[in-house]
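Right, one structure below, let's go through it.
The values are calculated or read from the model by the stated rules, or taken from the named source; none is laboratory data. On a predicted model such as this, the values are computed, not experimentally measured, just so you know. Because the Cβ atoms are built from the backbone with ideal geometry, glycine has one as well, and the counts that use them run over all protein chains shown.
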Ligand code: AHG
Ligand code: MN
Ligand code: MN
Ligand code: MN
């Protein structure tokens with residue numbers, strides 16, 4: 001295999017960034033290692049005997065899969081020792097993870113969803129890992145929850161690994177979005193999808209329609225119009241997809257466009273939405289915006305939200321710009 005490895009790509013990108021110390025490059029290298037290990041754990045599947053559910057519930061009120069816990073542990077053990085992080089927080093842990101005192105502290109914070117789409121793992125459908133990197137506030141070496149409470153615009157990097165028919169890593173540091181594919185024989189990710197962009201228009205939407213009766217009026221209107229197809233006000237037919245792995249849906253949108261939503265509905269009112277802002281909505285919104293798409297709750301830009309709790313949930317509408325803007329306009333109407 002020839003081409004640019006992810007390490008080379010990141011080093012060259014960092015060379016262009018003023019004041020880069022190399023610390024960030026090293027942190028990303030450890031994330032890459034974690035994703036390779038998780039890819040292996042997911043790929044071995046039933047051979048490892050780890051496809052089942054546990055008795056435990058996580059802080060989200062979800063029954064944990066064995067692999068939710070295993071992948072969370074892999075992410076922590078790959079990163080905690082490095083000295084690049086001041087703190088770590090995960091979907092699977094109620095409180096931020098306290099880095100053991102024997103390790104040095106660094107200037108970054110990482111938030112992650114170690115296994116996204118985990119309800120799909122034992123049916124052999126694509127799952128992923130999502131991460132978001134923030135800077136720890138100046139001088140903070142032992143961050144508290146409030147130190148993580150930064151709006152998505154403050155992210156210095158966001159990315160995901162997709163464990164699909166091939167394993168890919170998709171990344172942004174605020175200079176566009178690039179996709180890398182894992183060559184298992186070499187053990188390296190190679191740049192295969194430079195400068196990924198989302199077309200402004202689309203004929204495809206993704207939503208879990210089993211919640212339809214709970215949706216708000218603007219979402220009802222949008223989907224109804226799509227479903228009317230050529231004969232309806234949109235004057236064209238629409239296609240629909242729902243993988244139930246956000247990573248897979250966002251990846252599809254980066255490849256061929258589309259609109260993805262997990263909107264607010266009457267069942268989710270108390271929770272504020274389904275998807276978690278810190279390790280799902282924010283990193284995916286940064287990636288989507290960097291690829292020329294848009295991301296909103298329907299009422300405001302997701303990246304502008306000032307979060308108030310670690311596991312806060314938000315409605316998510318993201319993807320092809322013109323469709324997101326249309327649905328936002330329906331919310332305003
Ligand atoms: P996770 O597996 O990390 O808990 O995330 C699941 C999320 C997201 O990936 C997906 O879009 C959505 O939940 C699926 O929800 P439904 O099961 O309600 O369709
Ligand atoms: Mn979960
Ligand atoms: Mn998830
Ligand atoms: Mn998860």
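Which one of 295, 308 is touching a strand residue (DSSP E or B) at 6+ places or on another chain (Cβ under 7 Å) and not in a helix (DSSP H, G or I)?
295
Quick check on my filter: what residues within segment 82-102 are in contact with a strand residue (DSSP E or B) (Cβ under 9 Å, 6 or more places away or on another chain), away from ligand 1 (no atom under 15 Å from the Cβ) and in a loop (DSSP other than H, G, I, E, B)?
Of segment 82-102, the ones in contact with a strand residue (DSSP E or B) (Cβ under 9 Å, 6 or more places away or on another chain) are 84-92, 95-99.
Those left that are additionally away from ligand 1 (no atom under 15 Å from the Cβ): 84-88, 95-99.
If the condition is that a residue be in contact with a strand residue (DSSP E or B) (Cβ under 9 Å, 6 or more places away or on another chain), away from ligand 1 (no atom under 15 Å from the Cβ) and in a loop (DSSP other than H, G, I, E, B), then 84, 95, 96, 98, 99 are the ones that fit.
With respect to residue 125, determine if the residue is within 16 Å of ligand 1 (Cβ to nearest atom), part of a loop (DSSP other than H, G, I, E, B) and either under 27 Å from residue 11 (Cβ atoms) or touching a helix residue (DSSP H, G or I) at 6+ places or on another chain (Cβ under 8 Å) (or both).
Details: within 16 Å of ligand 1 (Cβ to nearest atom): yes; part of a loop (DSSP other than H, G, I, E, B): yes; either under 27 Å from residue 11 (Cβ atoms) or touching a helix residue (DSSP H, G or I) at 6+ places or on another chain (Cβ under 8 Å) (or both): yes.
Judged against the criteria, residue 125 is a match.
Check whether at least one residue in segment 71-81 is over 22 Å from residue 167 (Cβ atoms) and either within 14 Å of ligand 4 (Cβ to nearest atom) or not in a strand (DSSP E or B) (or both), and report yes or no.
If we filter segment 71-81 for residues that are over 22 Å from residue 167 (Cβ atoms), which is where we start, we get 80-81.
Then keep just the ones that are either within 14 Å of ligand 4 (Cβ to nearest atom) or not in a strand (DSSP E or B) (or both); that gives 80-81.
Scanning segment 71-81 turns up at least one residue that is over 22 Å from residue 167 (Cβ atoms) and either within 14 Å of ligand 4 (Cβ to nearest atom) or not in a strand (DSSP E or B) (or both).
Return the only residue of 255, 305 being buried (at least 16 other Cβ atoms within 10 Å of the Cβ) and either more than 16 Å from ligand 2 (Cβ to nearest atom) or within 14 Å of the chain's Cα centre (by Cα) (or both).
None of the other options fit; the residue is 305.
For residues that are in a helix (DSSP H, G or I) and out of contact with any helix residue (DSSP H, G or I) (no Cβ under 8 Å at 6 or more places or on another chain), scanning just segment 47-68, find the one that is modelled with the highest pLDDT. Talk me through it step by step, then tell me what you get.
If we filter segment 47-68 for residues that are in a helix (DSSP H, G or I), which is where we start, we get 47-48, 66-68.
So of that shortlist, the ones also out of contact with any helix residue (DSSP H, G or I) (no Cβ under 8 Å at 6 or more places or on another chain) come out as 47, 66.
Details: 47: 89, 66: 93.
This residue is 66.
Of 241, 236, which residue is over 24 Å from the mean Cα position of the chain (by Cα) and away from ligand 4 (no atom under 16 Å from the Cβ)? So that I can check it myself, show each step before the final result.
Numbers: 241 fails: over 24 Å from the mean Cα position of the chain (by Cα).
Within the list 241, 236, the selection yields 236.
Out of segment 151-179, which residues are out of contact with any strand residue (DSSP E or B) (no Cβ under 7 Å at 6 or more places or on another chain) and part of a loop (DSSP other than H, G, I, E, B)? Break it down stepwise before answering.
Residues of segment 151-179 that are out of contact with any strand residue (DSSP E or B) (no Cβ under 7 Å at 6 or more places or on another chain), as a first pass: 151-153, 164-165, 174-176.
Listed by number, the residues that qualify are 151, 164, 165, 174, 175, 176.
With the structure loaded, tell me whether residue 182 is in a strand (DSSP E or B), over 15 Å from the mean Cα position of the chain (by Cα) and modelled with pLDDT of 95 or more or whether it fails that test. Steps first, please.
Values: in a strand (DSSP E or B): yes; over 15 Å from the mean Cα position of the chain (by Cα): yes; modelled with pLDDT of 95 or more: yes.
Against the criterion (in a strand (DSSP E or B), over 15 Å from the mean Cα position of the chain (by Cα) and modelled with pLDDT of 95 or more), residue 182 qualifies.
Would you mind finding the one in 249, 225 that is closer than 23 Å to residue 111 by Cα and surrounded by 15 or more Cβ atoms within 10 Å (Cβ to Cβ)?
Numbers: 225 fails: closer than 23 Å to residue 111 by Cα.
One residue alone meets the criteria, 249.
In segment 91-136, what residues are exposed (fewer than 15 other Cβ atoms within 10 Å of the Cβ) and away from ligand 2 (no atom under 16 Å from the Cβ)?
If the condition is that a residue be exposed (fewer than 15 other Cβ atoms within 10 Å of the Cβ) and away from ligand 2 (no atom under 16 Å from the Cβ), then 95, 98, 100, 101, 102, 103, 104, 124 are the ones that fit.
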